[in-house]
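One structure below.
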Amino acid sequence: MNFGFTEEQDLLRAELRKFLDQNASLEQVRKQVESPEGFSRPLWTRMAELGWVGLTIPETYGGVGMDFVTLVVVLEETGRTLFPSPLVSTVLAAKAIEKLGSAEQRQRWLPGLADGSRIGTLAVLEASDRLDPEGIELRGQPQGDGFVLTGEKRFVSDAGKADLFVVAFRTGDGAEDVGLAVVERDTSGVSADDQPSMDLTKRVGRLLLDGAAVDAGAILGEPGVAWPTLAWLLDVGAALVAAEMVGAGEGALRITTDFAKERVQFDALIGRFQGVKHPLAEMYVDIESYKSLVYYAAWALDQDSDDAPLAVSRAKAYASEALPRIGIDGVQLHGGVGYTWEYDIQLYLKRSKWARPAFGDADYHYERLAALGGL
């Protein structure tokens, strides 16, 4: 069995790295996040033209039709440079429509998501911050053949720039009476904005629904039976964020290693000291360990393997513990200057603080592993 990437995936990685080196140095990323949207719209359009935005969308709807393992290649590289884009959000919205949508719904929304002309996101979390059916309290009141939605979604990725939201709502009092609806930004009663957060490269915000009406054409699948698909989407989200965490860990390690090769203390390069070498070695071991778990999780999702939920939780739990530790150690190995805005290592620490709770933190996934393992 070949555990390596294909030649095409290696070529994709090389092209991505060249593109990001030219357009997304950390200096350029700093400028991009200071814009009102928090990312570069021209670069987003260029990524879509190259097929990276629609990488996992079927060719029938304007995408490339590739798998999650190939998408991991993209996310590793974008994570390495902290490249700000709504890629993960758009992929999740597209997968929800692909999984549950009718042929008409797919044709209506997927081409725009694939070519980058529209940005999508998944809106699930509410005040309880729970990733289970009980956490979804936003209720859809029946109206004709559709529903009227009133409530609030929090921690919505890329809320301020999304054109459409795949919204989880409750259709009844049963534990899994959950539905999914596509709500477009220009729908009456819909407002969304970004909220202040630590990591400027990852915008999150709030979606307010005040009597927003969605007809049958906006409901994905049968009302009230969407939970299994939503649970799968949450697993996909956790795996994709963990893939970005691989790249972010490698970026933090590179910056810290380069600093250790240049910083002189006590008339010697600090990279010669065991107190510096050992933490760097531990960073490397951690990254390689959760990288392997991420690769397997992506493969398991592609294969629809029975152990995919276990694989995702293993990867996200390890990454959620390791990356914040890598960020903290990276800042500490820089000394006092590591905390200052002028040094890039603090950007990776902030990314780790965003990524840790996204789609479940380490505690959540360790508890899930125990439950899935029958403990």
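Here is a yes/no grid of residues against (1) at negative phi; (2) surrounded by 21 or more Cβ atoms within 10 Å (Cβ to Cβ):
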| site | (1), (2) |
| --- | --- |
| E8 | yes, no |
| R41 | yes, no |
| G62 | no, no |
| M66 | yes, yes |
| V72 | yes, yes |
| A96 | yes, yes |
| S102 | yes, no |
| A114 | yes, yes |
Tell me, yes or no, whether region 137-157 has at least one residue that is within 19 Å of R41 (Cβ to Cβ) and either under 21 Å from the mean Cα position of the chain (by Cα) or touching a residue at least 24 places away in the same chain (Cβ under 8 Å) (or both). yes
Please pick out the residue among A252, A239 that is more than 18 Å from the chain's Cα centre (by Cα) and not assigned by TED's automatic domain parsing to the domain that holds V182. A252
Could you check region 229-274 and list, in sequence order, the residues that are free of Cβ contacts under 8 Å to residues at least 24 places away in the same chain, assigned to a helix (DSSP H, G or I) and touching a Gly at 6+ places or on another chain (Cβ under 9 Å)? T257, K261, E262
Please tell me if F83 is at pLDDT 95 or above, farther than 26 Å from Y296 by Cα and crowded, with 17+ Cβ neighbours inside 10 Å. no
Take G336 and decide whether it is more than 27 Å from R254 (Cα to Cα), modelled with pLDDT under 95 and surrounded by fewer than 19 Cβ atoms within 10 Å (Cβ to Cβ). no
Which residues, counting only those in region 314-362, are of a type in the set (G, A, S), part of a helix (DSSP H, G or I), more than 16 Å from K291 (Cβ to Cβ) and in contact with a Leu (Cβ under 9 Å, 6 or more places away or on another chain)? G327, G330, G338
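Yes/no per residue for (1) at pLDDT 95 or above; (2) of a type in the set (D, E):
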residue	(1), (2)
N2	no, no
E37	no, yes
P58	yes, no
L71	yes, no
L75	yes, no
T78	yes, no
Breaking point among (1) in a helix (DSSP H, G or I); (2) crowded, with 18+ Cβ neighbours inside 10 Å; (3) modelled with pLDDT under 95, for K277: (2)
Strands (runs of 3 or more DSSP E) contained entirely in region 119-220, each with at least 2 residues that are crowded, with 22+ Cβ neighbours inside 10 Å: 120-123, 146-157, 164-170, 178-184, 204-214
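The values are calculated or read from the model by the stated rules, or taken from the named source; none is laboratory data. Computed from a predicted model, the values in this text were never measured in an experiment. Ideal geometry is used to build each Cβ from the backbone, glycine not excepted, and the neighbour counts take in all protein chains shown.
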